[in-house]
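Structure first, commentary second.
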Amino acid sequence: MRNAATADGSLGTGTRYTAVALAEYSLSKRTEVYGTVDINRVSDAATVESPGRSNQTGVAIGMRSFF
């Protein structure tokens, strides 16, 4: 990020790193289960996107059925 507004209103630069992992497993021809994990890390001016934190992690699991 360049020329991003910071919490105090000044302009600054920042960096955001994102990683995503996905796993799928077929139970049958029409059904599968999946899981995902995503990690976000921010620094400097990019911390405005997640106030009070420099990192965030999300986890999801689910089941899909194809028609």
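Read the figures in this text as sums done on the coordinates, not as results from a lab. Quick caveat, the model's predicted, so the values are computed rather than measured. Virtual Cβ from ideal backbone geometry, glycine too; neighbours counted across all protein chains shown.
Any idea what the relative contact order of the chain is, in percent, if you count C-alpha pairs under 8 Å spaced at least 6 apart? Spell out each step's value before the answer.
Values: 132 pairs, mean separation 21.9, N = 67.
Relative contact order of the chain: 33 percent.
Given the options GLY52, GLY12, GLY35, state which has the largest fluctuation in a GNM of the chain using a 10 Å cut-off (strictly under) for Cα springs.
For the chain, modelled as a Gaussian network with Cα springs under 10 Å, the answer is GLY52.
So what's the gap between the Cα centers of segment 2-48 and segment 49-66, to the nearest angstrom?
8
Net charge near TYR25, counting Lys/Arg +1 and Asp/Glu -1 over other residues with Cβ under 14 Å of its Cβ? Before the final figure, lay out each step's value.
On the way: positive: LYS29, ARG30, ARG64; negative: GLU24, GLU32.
Once all neighbours under 14 Å are counted, the net charge is +1.
SER54: net charge of surrounding residues, Cβ under 12 Å, Lys/Arg +1, Asp/Glu -1, itself excluded?
On the way: positive: ARG16, ARG41, ARG53; negative: ASP44, GLU49.
Around SER54, the surrounding residues sum to +1.
Report, to one decimal in Å, the Kirkwood hydrodynamic radius for segment 4-65 based on all distinct Cα pairs. The partial results should precede the final answer.
On the way: mean 1/r = 0.0726 Å⁻¹.
After inverting the pairwise mean of 1/r, the radius is 13.8 Å.
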